[in-house]
Each structure stands twice: as structure tokens, then as C-alpha cells.
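Since the structure comes first, as C-alpha cells, the remarks are kept for the end.
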Amino acid sequence: MEIDNNGEPLIIRNEVDAWAALEAAVSGGLRFDVTRVRFEGWPTWSLDAQGRDWYSTVPTRIMPPLLDVQKDINRAFASVQYGDPNLRRLREDDRESLEVVVKVEKGSSIFTADLSGQLNKIVQAALERMNGTEAVITALGIGLMITAAVTYKAWLANRLKEKELQSHTELESKNIESRIHLSQEETRRLAIMRDAMVREPTLQTVNEDTQATTNRLLKVTRPGDTIAMRGVPMTAEEAHEIAQPEREQAKELEMQGDFRIIGNRTDKGAGFRITVQRASDGLQFAADVLAELAWGDKQAIQRAEWSKSLVMLTIEAEMLRDRITRAVVISAKPVEVTQGDH
């Protein structure tokens, strides 16, 4: 498939436009100035909840997963702009411009949010770090991950299979199969998305984040509720049967101390990855040094590696089950050597 917009801006106004542009980008059929891609009125996130707690009211139990939608947008932007999904990377003006405004329809509990402004900011950030095709794939993929019916249906179908294998019996929720059956066109679109995820691995992280948020939205339902996301209605009983148990969350921490640099990989794009060992207890793990780190800090790391000396690092990290799962160096300073240290 090819798209040639005759020099005019390509405006994405709906999901059909988005899939057509993504297919062209993945297949190499873009024939226009990718710096002029704009989103208007798409993507739109929506949730329709019904039940005694929902008519013209907003139960507080919905608040945490609604905030998770904002976190998904913020993490996607941080991954694109800073090469790291850590929310601490965001500046205050980033947070302000990415703020999601959720509207509640009068007399109901239909929640909607226009995310086109957030996608425009993401595509502009992507163009600063990627080539045009990569930026378009990333921005379109993020929008579709968060709002498209096909990605939600695919996750629900996978959950049904997992639950059935675990229970060795046919589930009551199997009666939603007709609601999540993929048409021929949806199956084709899912294949396009898989290709996009191979091209741009950032989309895999976005996919995992949006699935976790969707899972939490299903879990907040109570008996008597019905909930419809991306056009798929579901009772509370079905939602609870399909929802995954909450995974153990990694703990965020900041560590500062003297470290030895015992390894260095330079195949991390504009940055690099070091293996460090803490002098105080021998704790060893990998940490990313991003391109944005000050030049003097990078020099301190390199000199410590070459001289096999210590360097004082401040590191933002995540720990899960006593293991460092992600780490980013945010500052590096030479260790002052006193006369008594010789």
C-alpha cells in the first residue's frame, strides 16, 4: 500500500486513516513529507460503564485506572523523547502538555478523552530522535495500542485461552467469544501491528502498559455493572473471570555511592550501557547512560573505567524481588582520593 499526499499535510482523523498510514509506513509505501503528519480528533479513548453506581456519578474506584491511562501516555512519551519510560524523566512542561482531559457525558457514565494533542506531541518528539518512517510507525502504533478494538480483542482472546488452559474446563466467559471474534480485516490489521512492533520495540512496552491498565479497569467492576471498552461490552462477572491477577510491582529507588565500572556496551544508540559494581557490598547490575547525560559526567565514567578507579554515581533504578531490573545513571562524579587512601 502507498500513500502520496501530493505535498499536503497528512491529517489522521479516524482509525481507518491510522491503519492505512501504519500499513504504508510498515510496508515502505510512504510517499509524503512525514514531518507534516497531524492528528485531529483521533485517537479518542472511551469507556461506557453502566450500573447503580454509574448513572451521572463517578465511583472513586475508577480513579486509579483512569490515572493509569495518563501514565501510559506519559511513559510512551518519555520512551520516545528520552529513550527511557521512567516518568521521572518528564519535565513539568511535558506533564502539562500531555495532560489528558476526561469528559463524562451528561446523565450517564460514558467517559471520553481526545488524545490527538498528546499524539501530536509524541510524533514531534519522535521526529527529533528517529527517521520519519520510524516516527510515524511509533506514533500511530501508540494511538492504536491505546484505542483500537482489534488490539483489545486480541488480548481478551489470549486471556480466554490462558484461563481455559489453567482451569482445564470451559469458562462461563466463553460466551463473549462472539463479541471478540476478529473479522478478516481485523486479522489483517493485527498482522500490521505485529510488524510495527518488530520494527519499533518501544511499542511492545506500550502494549504491556495498556494491557495492564485495561486489566485494572476490568477489575474495578462490581456485581451488576457492565463495562464497554473499544466497543466490547462485558459484565462484571465476565470481567473478573478474564482479568489477570495483579503482578508484583517493581519498586522505584534512587541509589548513590561509589561504583566500579566492570563492563561497557556502546551499541545502545547515542548512549551506552555499563555494568557496575557497588564498592560497599559488591552489588552488580547494568545501568544505562543516556545521550542526555552531561558530557563531564560521561567523562567521569570513562576515566573510572580506563583507570579502574571508583566513580560516584547517582542512579535511578527499579527493583523487583531483590533484583535490579532497570537502572539509569543520572549523575557521575570523580571520587576524591585523599592521602590516606593510598
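The values are calculated or read from the model by the stated rules, or taken from the named source; none is laboratory data. None of these values were measured; they are calculated from a predicted model. Backbone-built Cβ (ideal geometry, glycine too); neighbour counts: all protein chains shown.
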Which of the numbered conditions does Leu218 fail, given that it passes all the others? Conditions: (1) in contact (Cβ under 8 Å) with a residue 60 or more places away in the chain; (2) assigned to a helix (DSSP H, G or I); (3) not basic (Lys, Arg).
(1)
Residue, nearest to Gly51 (Cα to Cα), within segment 87-113, restricted to residues that are outside any helix (DSSP H, G or I) and within 18 Å of the chain's Cα centre (by Cα):
Ala113
What do you reckon, is Asp258 of a type outside the set (A, V, I, L, M, F, W, C) and assigned by TED's automatic domain parsing to the domain that holds Trp19?
no
From Val58, Val26, Val69, Val16, residue being under 30 Å from Ala228 (Cβ atoms), in the same structural domain as Val220 (by TED's automatic domain parsing) and without any contact (Cβ under 8 Å) to a residue 24 or more places away in the chain:
Val16
Could you grab me the full set of residues in segment 30-54 that are surrounded by fewer than 20 Cβ atoms within 10 Å (Cβ to Cβ), modelled with pLDDT under 90 and in a strand (DSSP E or B)?
Gln50
Taking the conditions exactly as written (polar (S, T, N, Q), touching a Gly at 6+ places or on another chain (Cβ under 9 Å) and not in a helix (DSSP H, G or I)), does Thr133 satisfy them or not?
no
Are there any pairs, at least 6 apart or on different chains, whose C-beta atoms fall under 9 Å, with the first in segment 288-317 and more than 16 Å from Gln277 (Cα to Cα) and assigned by TED's automatic domain parsing to the domain that holds Thr275 and the second small (Gly, Ala, Ser) and in a loop (DSSP other than H, G, I, E, B), and if so, which?
Leu290/Gly83; Leu290/Ala270; Ala291/Gly83; Ala291/Gly269; Ala291/Ala270; Glu292/Gly83; Glu292/Ala270
With surrounded by 13 or more Cβ atoms within 10 Å (Cβ to Cβ) and either over 24 Å from Arg129 (Cα atoms) or small (Gly, Ala, Ser) (or both) as the only criterion, which of Lys308, Lys333 stands out?
Lys333
Going residue by residue through segment 286-302, is there one that turns out to be assigned to a loop (DSSP other than H, G, I, E, B), in contact with a strand residue (DSSP E or B) (Cβ under 9 Å, 6 or more places away or on another chain), farther than 21 Å from Asp84 by Cβ and of a type outside the set (D, E, K, R)?
no
Complete set of residues in segment 91-129 that are among the aliphatic types (A, V, I, L, M), over 29 Å from Thr60 (Cβ atoms) and without any contact (Cβ under 8 Å) to a residue 60 or more places away in the chain
Ile122, Ala125, Ala126
Run down Thr226, Thr213 and say which single residue is farther than 18 Å from Arg52 by Cα, touching a residue at least 12 places away in the same chain (Cβ under 8 Å) and of a type in the set (Ser, Thr, Tyr).
Thr213
Of (1) among the small types (Gly, Ala, Ser); (2) more than 21 Å from the chain's Cα centre (by Cα); (3) surrounded by 17 or more Cβ atoms within 10 Å (Cβ to Cβ), Ala18 satisfies all except one. Which?
(2)
Among the residues of segment 243-275, write down those that are modelled with pLDDT of 85 or more, loosely packed, with under 15 Cβ neighbours inside 10 Å and under 25 Å from the mean Cα position of the chain (by Cα).
Leu253, Glu254
Tell me which residues, restricted to segment 301-318, are among the hydrophobic types (A, V, I, L, M, F, W, C) and more than 32 Å from the chain's Cα centre (by Cα).
Ala304, Trp306, Leu310, Val311
Based on what the data block shows, is Arg199 in contact (Cβ under 8 Å) with a residue 12 or more places away in the chain, surrounded by 13 or more Cβ atoms within 10 Å (Cβ to Cβ) and closer than 25 Å to Thr35 by Cβ?
yes
